[in-house]
Structure formats: structure tokens, C-alpha cells
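Chemist: Have a look at the structure that comes next, please.
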Amino acid sequence: MAATIKEILKNGQTARALIIGAIPSPKIIEIASIVGGVDGLFIDQEHSAVPHQQLELLMLACRASNLDGFVRLAATDYAAVMRAMETGASGVMIAQVRTLEQVEQAASWAKYPPAGTRGAFRGNYEARFGTIDPGEHIERANRQRWLAIQIETPQAVECVEQIAAVEHVDTLFVGPGDLAITLGVPGQPMHPKCLNALERVSAAVKAVGKSWGVLPASPEHAAKCKELGCQFYVVGTDVELIRNGLNSMNDRFKGVI
């Protein structure tokens, strides 16, 4: 298995991922693996109707394609976090965070005792379907699984230093679209308000030796994030792949047929 995104970031390297949600097909994962250019797949359960059974198939495809797979979700309840972990996802990304208490609750749900409150179940891939010692499973899951927190609201920006310092938070992730909207400048990810937020996120993770990521809005935006020390980039979505492919096809044959 190739290095996980958590391992790549911990080693100070850059990681790239692709979002799958609107078109949750294992075929896209296979194609991404063959073409290359990404380290993992970001499965979206926040905005897309990806049910648990489909998520399990997508994670199976990730493992078969030697790509890391993680899940973005709204941490509305314990089961949402726990079940994503049980599919074999390398970790979860928590969306729409506004308070430190929300982060601490999500971190607790994502970890087994004594680090958290997650309940154990051995009949899944993560626990190797009961073929490994329970103690080994608990230790390995707590060590290997990762937790990312999205910073996309003014409330989260205001307590970003405390969020970054939460023990079991590994990475912060900026959603520039929602951040711009909630800061009152929709569609303007390079607005000074948004850039100030990026600078604050960057300083917060640097202070505690962690990493941060972004879904870059443009090459210019990506370059600014790189300048601020960003290591993790979600470079596109399944819908964008189809849209860009169709546009490329139309341009290729424009004026000919």
C-alpha cells in the first residue's frame, strides 16, 4: 500500500486528492489510479447522497487501486463518524465546524478509549474481520486514523488556534467557497478577508507542528496557499472531470464536425 495522506503530511510532503460524491463510481477511482497525479480520494458524504453500503464499495476500490481514501461528513452524530471509520477509511474530515466543543466531540467519536469514546466492532476491514488481537486493533486504529477539521466559518477562524491545538486533530482544511460566503464576500477567495483567514490558519498549525489543506479556487489561489505553507490540495471533483472532458472534446472538434 502506498503512503497514506496522513503519512505524507506528517513527513512534510505535499499530498493531492480528488473528490468523489456526485458520481460515486469505483471506475473513477480505477482511472485516477492508472492516470496518476493524486494520492487519495476524498469521498463526500456532506453534499452527496453516498450511502454507507456505497461508501464501503468505494473504499474497497481505493484499496484495490492503491490509493488512500477518506470521508468528509457533517459530524451531526456519533454514528456518522464511527461508521465512516469502519469502512476502512483512513480518516474523516469534519465539515461546518463553528466551535471548539464541536471539534472536541468529533475527536472523541473518532478515537477508541482512552483517547475517545468510540465503540468497538471487529467485523469489518479496519479490524481485519476479527483476525487480529483487539488490543492491537485499538492501538493501530487510534494511531493510524486521522482527523481533519474544516475551517470555513468566521466562528471557526476566531478559535482556530484552539482547534489546531486539540490533541487528536491532525490537519485543518480550508473550504474557500463557504469561507468567502460566510465572510460576506461570496466568490472572492482572494479577498483580503479570506487571505487574512488563510494566514491565521497557517500560523495556527505552524505553532503546533501540524498541517493544513485547501480546495484551491484557482492556480493563483493555490500558489498563495503554497506560499503560506499549505501541504494538502484537493485538486478537482468527479463533476469537474466530466465537465472538463466534455469541454475539451468540444474544443477539439470545433469547426471540424
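Chemist: Please pick out the residue among 63, 72, 98 that is charged (D, E, K, R) and crowded, with 20+ Cβ neighbours inside 10 Å. Working first, answer last.
Modeler: Details: 63 fails: crowded, with 20+ Cβ neighbours inside 10 Å; 98 fails: crowded, with 20+ Cβ neighbours inside 10 Å.
The match here is 72.
Chemist: Being within 18 Å of residue 157 (Cα to Cα) and part of a helix (DSSP H, G or I) narrows it down to one residue among 225, 230; which is it?
Modeler: On the way: 230 fails: part of a helix (DSSP H, G or I).
Residue meeting the stated conditions: 225.
Chemist: Please go through (1) surrounded by fewer than 23 Cβ atoms within 10 Å (Cβ to Cβ); (2) of a type in the set (A, V, I, L, M); (3) part of a strand (DSSP E or B) for residue 82 and return the number of the only condition it doesn't satisfy.
Modeler: (3) is the only condition that residue 82 fails.
Chemist: Consider region 204-227. How many of its residues are without any contact (Cβ under 8 Å) to a residue 24 or more places away in the chain and of a type in the set (Gly, Ala, Ser)?
Modeler: Total satisfying the criteria: 3.
Chemist: Can you tell me which residue in region 35-78 is nearest to residue 105 (Cα to Cα), limited to those that are acidic (Asp, Glu) and part of a strand (DSSP E or B)?
Modeler: Top of the filtered list is 44.
Chemist: Another one. Quick one: count up the residues across region 20-49 that are in contact with a Ser or Thr (Cβ under 6 Å, 6 or more places away or on another chain), of a type in the set (A, V, I, L, M, F, W, C) and more than 10 Å from residue 237 (Cβ to Cβ). Break it down stepwise before answering.
Modeler: As a first pass, look at region 20-49 and keep what is in contact with a Ser or Thr (Cβ under 6 Å, 6 or more places away or on another chain): 21-22, 29-30, 33.
Those still in the list that are of a type in the set (A, V, I, L, M, F, W, C) too: 22, 29.
So of that shortlist, the ones also more than 10 Å from residue 237 (Cβ to Cβ) come out as 29.
Final tally of qualifying residues: 1.
Chemist: Do you know which residues across region 188-202 are closer than 20 Å to residue 93 by Cβ and either part of a loop (DSSP other than H, G, I, E, B) or not small (Gly, Ala, Ser) (or both)?
Modeler: At the first step, the residues of region 188-202 found to be closer than 20 Å to residue 93 by Cβ are 189, 194, 197-198, 200-202.
Residues satisfying the conditions are 189, 194, 198, 200, 201.
Chemist: Let me ask something additional. Restricting region 163-174 to residues that are in a loop (DSSP other than H, G, I, E, B) and out of contact with any Ser or Thr (no Cβ under 9 Å at 6 or more places or on another chain), which is surrounded by the fewest Cβ atoms within 10 Å (Cβ to Cβ)? First the steps, then the outcome.
Modeler: Restricting attention to region 163-174, the residues satisfying the condition of being in a loop (DSSP other than H, G, I, E, B) are 166-170.
Filter again for out of contact with any Ser or Thr (no Cβ under 9 Å at 6 or more places or on another chain), leaving 166-167, 169.
On the way: 166: 17, 167: 9, 169: 22.
Step by step, filter region 163-174, then rank; the result is 167.
Chemist: Residues 185, 239, 205: which one is surrounded by 12 or more Cβ atoms within 10 Å (Cβ to Cβ), of a type in the set (A, V, I, L, M), part of a loop (DSSP other than H, G, I, E, B) and at pLDDT 95 or above?
Modeler: None of the others qualify; the one that does is 185.
The values are calculated or read from the model by the stated rules, or taken from the named source; none is laboratory data. Everything numeric in this text was worked out from a predicted model, so none of it was measured. Neighbour counts are summed over all protein chains in view; Cβ atoms, including those assigned to glycine, are modelled from backbone coordinates with ideal geometry.
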